[in-house]
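K.L.:
One structure, pasted below without further comment.
The values are calculated or read from the model by the stated rules, or taken from the named source; none is laboratory data. Because the structure is predicted, anything quoted here is derived from the model rather than measured. Quick reminder, even Gly has a Cβ in these numbers, built from the backbone with ideal geometry, and neighbours come from all protein chains shown. All accessible areas refer to the heavy atoms of the entire protein, side chains included, with ligands and DNA or RNA removed. Shrake-Rupley method; radii C 1.70, N 1.55, O 1.52, S 1.80 Å.
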Amino acid sequence: EIVLRFSVMLGGYLKERSCVADYGAIGGVRDVNCRLAATPLRPEDTLNYLFDRPPGDQIEVSLRYTLRF
């Protein structure tokens, strides 16, 4: 018996990168989460909320071939 199995995952990760914000004389230039730069959070705290997650719906395609002799 020979079994061949092939699997592939379709889709990608949701990965968000930081950007640079200029808070002027109060905070200077900082790396921040772009979505949260204008919130009351401290700039360094916004980096904890960057997305780095697998897709919610993962699709797996499988092919199985069995040869019996």
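K.L.:
So which residues in the range 18-53 are assigned to a helix (DSSP H, G or I) and in contact (Cβ under 8 Å) with a residue 24 or more places away in the chain?
P.N.:
Leu47
K.L.:
Give the number of residues within the range 26-35 that are under 16 Å from Leu14 (Cβ atoms) and open to solvent by 30 Å² or more (accessible area, probe 1.4 Å). Reasoning before the result, please.
P.N.:
First pass over the range 26-35, keeping only residues under 16 Å from Leu14 (Cβ atoms): 33-35.
The next check asks that each one be open to solvent by 30 Å² or more (accessible area, probe 1.4 Å); those that pass are 34-35.
Count: 2.
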